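Visitor: Pasting in a structure now, in structure tokens, and then I'll have a few things to ask.
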Amino acid sequence: MSAVAGVLVTVAVTPALAVSGMTATNTINVFENLPNYLTVDQLSQKSTIYAIDGNGSPFALASFYDQNRVEVPVESMSQDVQDAAVAGEDPRFEQHGGVDLQGTIRGALSTVTGGGTQGGSSITQQYVKNVLVQKCEVLTDQDKLDTCYDEATETSPERKLKEMRLAIGVEKEYSKLEILQGYLNITLFGGSVYGVEAAAGYYFNTTAANLNLSQSASLIAIVNNPEKFRLDRPDSEANGAANGYAANKERRDYILGEMLQYKKVSQEEYDAAIAAPIEPTITEPSTGCQTAGGSAYFCDYVTHVLKSDPTFGEDEDTRMMNFRRGGYDIYTTLDLDLQLETESTMAENVPQTFDGWDVGAVATSVEVGTGRVLTMAQNKIYSQDPEVQATGAQYSGINYNTDYDQGGSLGFQPGSTYKVFTLAEWLKEGHALNERVDSARKSDWGTFQDYCDGPQSYPGYNPKNDANESGTNYTALQSTINSINTGFIGMAKKLDLCKIRDTVESFGVHRADGDELEKGASSVLGTNEIAPLSMAVAFAGIANAGKTCSAVVIDRIVGPDDAEIAPPASTCKQSVEPSVAAGMAYAMKRVLTEGSATQSNDSTYPKVPMIGKTGTTDGARDTWMSGASSKVATVVGVVTVKGEANQRSRDYAFESGSAATARHRMWPDIMSVANAKYGGDNFSEASTNVIQGAQVPVPDVRGQSMADAQTALEGAGFEFADGGVTDSELPAGSVARTDPGTGSSASSGATVTVFSSNGNQILLPDVTGQSVDQARGTLSGFTVTTTDQAVTDPSQNNKVIAMTPTAGTAATKGSSVALVVGKMGAAG
């Protein structure tokens, strides 16, 4: 009763305090000593991630919130909703000083006479209560949050006393219009909908500024009892569509009556509003990345970037909580034109699921020179709900394009697209594109240099070429154009495996699982598991004259006060010298025009200069097309997400065609849109030295011993490779021929493959002018065939006039020799 008495004493002096601000007497020291200043913190608001459409306008991908609220100024609230709030909740709002005397006395008397503790709170008091509740919401410790909430909402005279004191303080600090604005922005409208702007959008698909009279009264009705009067439960028996939302309508009509009584509306406006049915148009706000459709995986990546940005807090949980409550607008790098084309071509060419194969498809594009991620898509429907994922392989919460710690998978082997890094190291070390290496397939490649761990050997490692090419002495250019595995192993033999890894890392490439890149001989062919986005960044670096810019996905961050916040920035570094990048581009352009990527090049329009590299992993489990113009780099892949090693893309066909060539149907579609929108410039010309190197004549070592030939070749600056035995007329064991051959030139340091003779051939003798019998005798041991040819010269009659192969040609015993015999009068 002492507490109740305190309330009554407080009620008695409240008018004086509110009107004059006079100091209270000692009889109310308890009230006077309560705090009277309320700090109004920033309200929890939803944050939204945007892309920019083709017209330059923001397009909302997804919103994130704990409370669906959009804070707006009072000028953006219709006068009807302002008047409805005052008439329905606090008719004497404009007259009192924070506490409504009549309402408070009514509530106090109810408590004293046993009628229970009752409300009577003014709008200012309700505002105070909501502010105190909001202060609780930001607490991360659940126990502290619960305690705070109980103290802010408990039904007791003590809590009411504190609320009144703070309300009077608020009235001294803020104008009535500011208080009304704060109240309408903070109050709950049912569920997780807070503030009149979000409520207008959710319940009536409009804005607070455009609410009509009937809608305004219905929304303010919800404030009185958010659970009872909310309009998003059409099946409710007490307040649903069947009875015209009767509970809300009763409260709405009461508010309209109050508005009429206090002359806020005319009789005609009142009658029209009373007659209007309640017809909510529930418009769910986009919440979470699943609402972003095909851009959901990009959206997911953005959220992981935000979690790593110290702008939003000290750790991941704090950052995400602040993002969900902070009212941030995140404007991303996503190019909707390019993204929609990426989604479209993927849907056309790769199914979400395929019987017998856990098929995945990925595509991502990066802007050259900035690192801005322009597209990101995969052939799955985004969901983080385990129950949804369990319904079918078409759902996944894993982003195939990114690293594991960015919501991604453990990565995929990029196959031969990874060879470009060995090419980069090759050129860095001064080797030329036209320099040849030992490219013969072998089961023992000998020793590889490795400055990190010392010389390494890999007995039994015997890679073959994808198309079974059998050349033994390819140039680096040939190996790149046609993706010759043994050619690149031969190049690696002349390099250092650890230096190759250093070059890979200089382009920002790393394992998707965070482990150290493997650097064994097989890694040259692309056996590390890499995120496709990492490869797109690297290819953009090659196209940018060797300067690689790290991936970024946010262009702008705007805070709730419209202040610009610096987004995470791209870091650019020179991975290789521009001259090296020019040499790489020279070779990679020819991959598109005459090598393994002609299919992609031929289908891309408009044409701009482009570079590229294909990749196929062991067993054709994964197939890749990676490339770039001088403006946009794109990586496309069809992969095996998980499954047995015998699952091969070459064994399957989609409705659009072979699974193995789906990459060559998607990449051109994406790059065609990129070329049309961004254009493309010529790449820098590669120098003659990078292409040819210093050219040295190959010595003539035919007929020499293999040892003498090796000495002569190494003395001329070449490396010696034993090509094995071949048919030759030269003495067995001596040099039969070289590749490159005698009379040609090759780059200094190039490998010359030397073949020894087996002595099985002889030089064909000249039998022209001999009779057929004489010729057969001379060519004893060969298979001789004859053909007659008419002649007019009697001296040529019955004589051999031509032979094939010609005289002096080396031929193996038993091989065929065709003779042409002259005949007088024979038919021509």
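The values are calculated or read from the model by the stated rules, or taken from the named source; none is laboratory data. Keep in mind it's a predicted model, so treat the numbers as computed, not measured. Neighbour counts are summed over all protein chains in view; Cβ atoms, including those assigned to glycine, are modelled from backbone coordinates with ideal geometry. Ligands, DNA and RNA are stripped out before the accessible areas are found, and what is left, the full protein with its side chains, is counted by its heavy atoms. Shrake-Rupley method; radii C 1.70, N 1.55, O 1.52, S 1.80 Å.
Visitor: Being polar (S, T, N, Q) and either over 30 Å from Glu75 (Cα atoms) or in a helix (DSSP H, G or I) (or both) is the filter here; which residues of segment 135-188 pass it?
Guide: Result: Thr140, Gln142, Thr147, Thr153, Thr155, Ser156, Gln181, Asn185.
Visitor: So, of the residues in segment 227-246 that are open to solvent by 80 Å² or more (accessible area, probe 1.4 Å) and part of a loop (DSSP other than H, G, I, E, B), which turns out to be nearest to Ala84 (Cα to Cα)?
Guide: Arg233
Visitor: Follow-up. Return the pair list, or none, for Cβ contacts closer than 7 Å from residues in segment 281-306 that are closer than 11 Å to Ile49 by Cα to residues that are in a loop (DSSP other than H, G, I, E, B), at least 6 apart or on different chains.
Guide: Thr287/Tyr65; Asp300/Gly407; Val302/Val553
Visitor: Say whether the condition of being surrounded by fewer than 18 Cβ atoms within 10 Å (Cβ to Cβ) and more than 30 Å from Tyr474 (Cα to Cα) is met by at least one residue in segment 748-764.
Guide: So far as segment 748-764 goes, no, none of its residues is surrounded by fewer than 18 Cβ atoms within 10 Å (Cβ to Cβ) and more than 30 Å from Tyr474 (Cα to Cα).
Visitor: Scan segment 433-444 for residues that are at pLDDT below 95 and part of a loop (DSSP other than H, G, I, E, B) and jot them down.
Guide: The answer is Asn434, Glu435, Val437, Asp438, Ser439, Ala440, Arg441, Lys442, Ser443, Asp444.
Visitor: Search segment 469-490 for residues that are among the acidic types (Asp, Glu) and pair each with any residue that is open to solvent by less than 10 Å² (accessible area, probe 1.4 Å) when their beta-carbon atoms are under 6 Å apart and the residues are at least 6 apart or on different chains.
Guide: Glu469/Ile484
Visitor: Ok, one more. May I ask you to say which residue of Asn185, Asn224 is of a type outside the set (D, E, K, R) and surrounded by fewer than 19 Cβ atoms within 10 Å (Cβ to Cβ)?
Guide: Only one candidate qualifies: Asn224.
Visitor: Taking segment 262-321 only, how many residues are closer than 20 Å to Gln339 by Cα, of a type in the set (Ser, Thr, Tyr) and in contact with a strand residue (DSSP E or B) (Cβ under 7 Å, 6 or more places away or on another chain)?
Guide: The number of residues fulfilling the criteria is 5.
Visitor: A further question on this structure: Among the residues of segment 520-545, write down those that are open to solvent by 30 Å² or more (accessible area, probe 1.4 Å), within 24 Å of Asp450 (Cα to Cα) and among the small types (Gly, Ala, Ser).
Guide: Ser522
Visitor: Something else: Report yes if some residue within segment 429-449 is open to solvent by less than 20 Å² (accessible area, probe 1.4 Å), of a type in the set (Asp, Glu) and closer than 17 Å to Gly749 by Cβ; otherwise report no.
Guide: Scanning segment 429-449 turns up at least one residue that is open to solvent by less than 20 Å² (accessible area, probe 1.4 Å), of a type in the set (Asp, Glu) and closer than 17 Å to Gly749 by Cβ.
Visitor: Determine, yes or no, whether Val81 is assigned to a helix (DSSP H, G or I), on the phi < 0 side of the Ramachandran plot, open to solvent by less than 20 Å² (accessible area, probe 1.4 Å) and modelled with pLDDT of 80 or more.
Guide: So Val81 passes the test.
Visitor: For segment 342-366, name all the residues that are crowded, with 23+ Cβ neighbours inside 10 Å and touching a helix residue (DSSP H, G or I) at 6+ places or on another chain (Cβ under 8 Å).
Guide: Within segment 342-366, Thr342, Thr345, Met346, Asn349, Val350, Val359, Ala361, Val362, Ala363, Thr364, Ser365, Val366 meet the criteria.
Visitor: Something else: Look through Thr661, Thr593, Thr598, Thr616 and report the one residue that is under 22 Å from Ala347 (Cβ atoms), of a type in the set (Val, Ile, Thr) and open to solvent by 10 Å² or more (accessible area, probe 1.4 Å).
Guide: Within the list Thr661, Thr593, Thr598, Thr616, the selection yields Thr661.
Visitor: Go through (1) more than 20 Å from the chain's Cα centre (by Cα); (2) surrounded by 15 or more Cβ atoms within 10 Å (Cβ to Cβ); (3) at pLDDT 95 or above and name the single condition Val636 misses.
Guide: Status for Val636: all satisfied but (1).
Visitor: So, restricting to strands (runs of 3 or more DSSP E) that lie completely within segment 754-828, which ones have at least 3 residues that are touching a helix residue (DSSP H, G or I) at 6+ places or on another chain (Cβ under 7 Å), closer than 30 Å to Gly724 by Cα and aliphatic (A, V, I, L, M)?
Guide: none
Visitor: Filter segment 247-294 down to residues that are open to solvent by 20 Å² or more (accessible area, probe 1.4 Å) and in a helix (DSSP H, G or I), then give me how many there are.
Guide: 21
Visitor: Would you check which residues across segment 575-584 are over 23 Å from the mean Cα position of the chain (by Cα) and closer than 21 Å to Ala551 by Cα and list them?
Guide: Residues satisfying the conditions are Val576, Glu577, Pro578, Ala581.
Visitor: Of the residues that sit in segment 546-567 and are assigned to a loop (DSSP other than H, G, I, E, B) and modelled with pLDDT of 95 or more, which one is surrounded by the fewest Cβ atoms within 10 Å (Cβ to Cβ)?
Guide: The selected residue is Ser550.
Visitor: Say whether the condition of being under 25 Å from the mean Cα position of the chain (by Cα) and surrounded by 24 or more Cβ atoms within 10 Å (Cβ to Cβ) is met by at least one residue in segment 674-691.
Guide: The answer is yes; a qualifying residue exists.
Visitor: If only one of Glu75, Glu94, Glu71 is at pLDDT below 90, closer than 20 Å to Tyr174 by Cα and open to solvent by 50 Å² or more (accessible area, probe 1.4 Å), which one is it?
Guide: Testing whether each residue is at pLDDT below 90, closer than 20 Å to Tyr174 by Cα and open to solvent by 50 Å² or more (accessible area, probe 1.4 Å) leaves just Glu71.
Conditions tested, residue by residue: (1) open to solvent by 10 Å² or more (accessible area, probe 1.4 Å); (2) under 25 Å from Gly619 (Cβ atoms); (3) among the polar types (S, T, N, Q).
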{"residue": "Gly369", "(1), (2), (3)": "yes, no, no"}
{"residue": "Ala377", "(1), (2), (3)": "no, no, no"}
{"residue": "Ile381", "(1), (2), (3)": "yes, no, no"}
{"residue": "Asp385", "(1), (2), (3)": "yes, no, no"}
{"residue": "Ala390", "(1), (2), (3)": "yes, no, no"}
{"residue": "Tyr400", "(1), (2), (3)": "yes, yes, no"}
{"residue": "Tyr404", "(1), (2), (3)": "yes, yes, no"}
{"residue": "Gly407", "(1), (2), (3)": "yes, no, no"}
{"residue": "Pro414", "(1), (2), (3)": "no, yes, no"}
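Visitor: Something else about it: Return the pairs, sorted by first residue and then second, in which the second residue is assigned to a helix (DSSP H, G or I) and polar (S, T, N, Q), the first residue lies in segment 209-227 and is at negative phi, the beta carbons are less than 8 Å apart, and the residues are 6+ apart or on different chains.
Guide: Ala209/Ser76; Ser218/Asn248; Ala221/Asn248; Ile222/Asn248
Visitor: How many of the residues making up segment 211-221 are open to solvent by 30 Å² or more (accessible area, probe 1.4 Å) and either part of a helix (DSSP H, G or I) or hydroxyl-bearing (Ser, Thr, Tyr) (or both)?
Guide: 1
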